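Contents: one structure, followed by commentary.
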Amino acid sequence: MRYLPRVSGRGVIAGVAVLAAAFGGVMNQSGTAPTAVQATPLQTQLDTLLNDSRYVGSQVALVVRDATTGETLYDRNGGQRMLPASNTKLFSSTAAMHVLGPSYRFHTDVLATGPVYSGQLLGDLYLKGYGDPTALESDYSGLAKQLAQSGVRRIVGNLIADDTYFDHVRLGDSWAWDDEPFYYSAQIAALTLAPNTDYDSGTAIVESLPGASVGAPVKLSLVPANDVLKLVSTATTGAAGSANTLSIERDHGTNIVRVTGSVPLGATVGQEWVTVWEPELYAADVFKRALAAQGIKVSGQIRNAGSPATARLLARDESMTVGELMNPFLKLSNNMHAEHLVKAMGAVAEAEGSWSAGLDVVTDYAKSVGVDTSALRLSDGSGLSRKVNVTADSITDLLIAVQKEPWWQQWYDALPIAGNPDRFTGGTLRSRMRNTPAANNLHGKTGSLTGVTSLSGYVTAADGRKLVFSMISNNYLVSPRSIEDAVGVTLASSPGQAATTLQRNTQVEDACDLEWDKAC
């Protein structure tokens with residue numbers, strides 16, 4: 001099967017010539033048999049890569065196009081709907097850069113309706129979130145400090161957690177129940193908290209250390225410290241050199257975190273991220289601790305409710321810009337960032353902080369730049385949903401179109417870069433395609449689910465031609481990730497160079513096959 005170039009701009013070639021080309025030849029005027037079309041070296045190389053036994057009984061789509069002219073250089077199943085995993089983030093991230101804008105900032109407010117007399121706030125204190133997925137313990141400490149500087153020393157009322165800027169649907173459409181305890185599937189709330197600068201909102205870190213002797217309980221702590229998560233542990237210290245079998249998992253519907261297994265004597269600090277049930281209460285608890293550290297006592301309890309429209313602003317924290325957020329979002333393929341951006345787009349553009357409103361906005365943006373959205377189904381912003389369907393054609397359409405956007409360079413720089421070992425440069429591609437022509441060249445978005453791998457982005461060929469490509473593989477039993485990398489290297493190489501390069505390269509296939517593994 002041979003794959004012929006399409007016209008620039010994805011125009012439709014009319015008439016008999018299309019039918020002839022589809023069958024591998026050009027019909028002549030005499031009506032005799034069509035002349036065979038000569039495959040290019042690139043087409044031959046890509047055909048060879050994709051004719052792999054791992055694709056028997058599974059599916060692969062690959063489209064390669066000239067990034068400047070739009071000419072299609074290779075097309076296998078480009079119009080077939082596929083499950084893209086985190087390649088979905090190409091749609092949500094570009095829409096966010098356009099709709100919210102690269103200078104948009106999330107914010108978190110401290111509000112009150114009651115008066116302040118002699119350092120006492122007479123009434124409830126409201127902590128209202130506007131969707132910031134990057135809020136840290138230090139940000140809540142900053143809010144507490146602002147309040148202390150205003151002279152408040154006591155809250156004669158409750159601390160109210162207000163997450164009403166978004167709806168109360170916490171988990172995405174068809175997200176798997178067994179993913180719920182893990183950091184890549186945290187609950188989405190307008191008021192939330194991340195434990196460190198990976199900005200995994202709605203999670204906390206459980207740190208572990210072995211006890212002083214064999215059989216002693218494992219030492220556990222929470223980062224940040226909080227009274228929301230409850231650690232229930234039977235974990236013990238094993239002999240030096242024994243296997244680390246520690247398991248840390250939150251019970252469904254609760255904030256009870258069960259810790260079991262064994263940690264060998266002498267092991268260093270271990271870290272495990274766990275999701276939190278109702279993140280707005282977690283954020284409020286950390287804020288209450290920050291208030292106490294500033295000498296501000298809360299007389300009442302933590303409650304969740306909306307803030308009165310008449311509440312006045314006492315303190316505000318602002319996030320990094322959306323443009324700056326693109327780096328941790330795309331480099332680490334952060335699912336929560338995608339969903340916060342989707343709901344924020346719904347809130348800003350449609351006055352409704354929901355998935356349905358936000359995904360309508362994402363779809364409208366894609367349509368506005370020429371993507372045929374009638375062929376797509378977007379069910380979330382991250383690709384964790386198994387209802388998402390896109391085509392390789394639609395992804396390359398998007399990649400070509402956004403090059404004209406004023407924010408494109410900042411977004412492009414935020415994509416993972418193949419073979420660059422720095423975590424916030426190479427991102428999810430940092431261990432892949434090292435020591436090949438694709439290294440520090442290919443900028444792409446990865447995608448991983450069980451039975452799904454995808455890679456789409458930009459790469460400069462050896463002759464200086466800039467290419468866009470999208471490759472999506474579905475329903476395989478043995479991972480074709482190495483084929484994906486081989487395609488990237490082939491596109492970056494001169495004809496005939498790729499095979500030699502791949503034979504030399506010992507890190508074509510990422511040792512970490514899942515982008516949601518924190519070790520990767």
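Taking a cut-off of 17 Å between Cα atoms, list the lysines near LYS404, but don't count ones fewer than 8 places away on the same chain.
Cα-Cα hits under 17 Å: LYS367, LYS466.
Take the Cβ-Cβ distance between THR268 and ASP413 as r, set R0 to 30 Å, and report the resulting FRET efficiency rounded to the nearest 0.05.
Details: r = 34 Å, r/R0 = 1.13.
Step by step, r from the Cβ atoms, then E = 0.30.
Which entries in the list LYS128/LYS387; LYS145/LYS331; LYS89/LYS387 go over 21 Å, if you measure between the two C-alpha atoms of each? Present the calculation step by step, with values, prior to reporting the outcome.
On the way: LYS128/LYS387 32 Å; LYS145/LYS331 32 Å; LYS89/LYS387 14 Å.
Those over the limit are LYS128/LYS387; LYS145/LYS331.
In terms of the Cα gyration tensor, with a ≥ b ≥ c the square roots of its eigenvalues, is the stretch 226-376 rounded because a/c is under 1.5, prolate because a/b exceeds b/c, or oblate?
Working: a/c = 2.48, a/b = 1.38, b/c = 1.80.
Cα axes put the stretch 226-376 in the oblate bin.
Within the stretch 64-100, which residues have the backbone N less than 19 Å from the label spot 7 Å out from GLU324 along Cα→beta-carbon, could you tell me?
96-98, 100
Can you give me the relative contact order of the stretch 205-273 as a percent, contacts being Cα pairs under 8 Å and 6 or more apart? Spell out each step's value before the answer.
Working: 158 pairs, mean separation 26.6, N = 69.
In percent, rounded to a whole number, it is 39.
Taking the Cα centre as origin and putting +1 on Lys and Arg beta-carbons and -1 on Asp and Glu beta-carbons, what dipole magnitude results for the stretch 205-273, to the nearest 20 debye?
On the way: 4 positive and 5 negative charges, 21 e Å.
In debye, rounded to 20, the stretch 205-273 gives about 100.
Output the relative contact order of the chain, whole-number percent, from Cα pairs under 8 angstrom with separation of 6+ residues.
Values: 1259 pairs, mean separation 102.3, N = 520.
Over the chain, the number comes to 20 percent.
About the Cα centre, and with charges only on the beta carbon of Lys, Arg (+1) and Asp, Glu (-1), how big is the dipole of the chain? Nearest 20 debye, please.
Details: 41 positive and 50 negative charges, 88 e Å.
Computed about the Cα centre, the dipole is about 420 debye.
Could you tell me which residue out of GLY323, GLY300, LEU313 lies farthest along the dipole of the stretch 290-347 toward its positive end? Charges go on the beta carbon: Lys and Arg +1, Asp and Glu -1, centred on the Cα centre.
GLY300
How would you classify the stretch 205-273 from its alpha-carbon gyration tensor, with a ≥ b ≥ c the square roots of the eigenvalues: rounded for a/c under 1.5, else prolate if a/b is greater than b/c, otherwise oblate? Mind dumping the intermediate values first?
On the way: a/c = 2.31, a/b = 1.87, b/c = 1.23.
It comes out prolate by the Cα gyration axes.
How much length would be gained if the chain were fully extended between ASN51 and ALA216, taking 0.36 nm per residue of separation minus their Cα-Cα distance, in nm to one decimal? Numbers along the way, then the final one.
On the way: separation 165, 0.36 × 165 = 59.40 nm, distance 5.52 nm.
Between ASN51 and ALA216, full extension yields 53.9 nm more.
Measuring from label point to label point, each 7 Å out along Cα→Cβ, what is the SER242 to THR450 span in nm?
It is 3.0 nm.
Pop a pseudo-label 7 angstrom from the Cα along the beta-carbon direction at both LYS404 and ALA293 and give the gap in nm to one decimal.
Placing both labels 7 Å along Cα→Cβ, they lie 4.9 nm apart.
Here are labelled values, (i) 27.1; (ii) 34.9; (iii) 28.5, and one is the computed mean projected area of the Cα convex hull in nm² for what I pasted. Which one?
After the calculation, the listed value that fits is (i).
Is the shape of the stretch 59-112 rounded, prolate or oblate, going by the alpha carbon gyration tensor and its root eigenvalues a ≥ b ≥ c, with a/c under 1.5 for rounded and a/b larger than b/c for prolate?
Values: a/c = 6.01, a/b = 2.32, b/c = 2.59.
It comes out oblate by the Cα gyration axes.
Between THR68 and THR260, what length in nm is gained on full extension when 0.36 nm per residue of separation is reduced by their alpha carbon distance?
Working: separation 192, 0.36 × 192 = 69.12 nm, distance 5.53 nm.
That works out to 63.6 nm of additional length.
Calculate the length of the line joining the C-alpha centroid of the stretch 132-154 to that of the stretch 365-415, in whole Å.
37
What are the ³J(HN,Hα) couplings of the stretch 412-421, residue after residue, when phi is run through the Karplus curve with 6.51, -1.76, 1.60 and θ = phi - 60°? Round to Hz, x for glycine and proline.
Taking θ as phi minus 60°, the curve returns 4, 5, 7, 5, x, 10, 4, x, 8, x Hz for the stretch 412-421.
If you average the sequence gap of Cα pairs under 8 Å that are 6 or more apart and divide by the length of the stretch 104-173, what percent do you get for the contact order?
Numbers: 94 pairs, mean separation 26.6, N = 70.
Relative contact order, the stretch 104-173: 38 percent.
Report, ordered by chain and residue number, the lysines lying within cross-link reach of LYS219, taken as a straight Cα distance under 16 Å and ignoring same-chain residues fewer than 8 apart.
Of all the lysines, those that pass the test against LYS219 - Cα under 16 Å, at least 8 places apart if same chain - are LYS230.
Starting from 0.36 nm per residue, how many nanometres of slack lie between ALA462 and SER138 once their C-alpha separation is accounted for?
Values: separation 324, 0.36 × 324 = 116.64 nm, distance 4.68 nm.
That pair, ALA462 and SER138, stretches by 112.0 nm at full extension.
Among LYS288, LYS230, what is the fewest-to-most ranking by other Cβ atoms within 10 Å? All intermediate terms of the calculation are to be shown ahead of the outcome.
On the way: LYS288 24, LYS230 13.
Least crowded to most crowded, the residues run LYS230, LYS288.
Readers should treat all values here as calculations from the given coordinates under stated rules, not as data from a laboratory. What you are looking at is a predicted structure, and each value in this text was computed from that prediction instead of being measured. Reconstructed Cβ throughout: ideal geometry from the backbone, glycine too, with neighbour counts over all protein chains shown.
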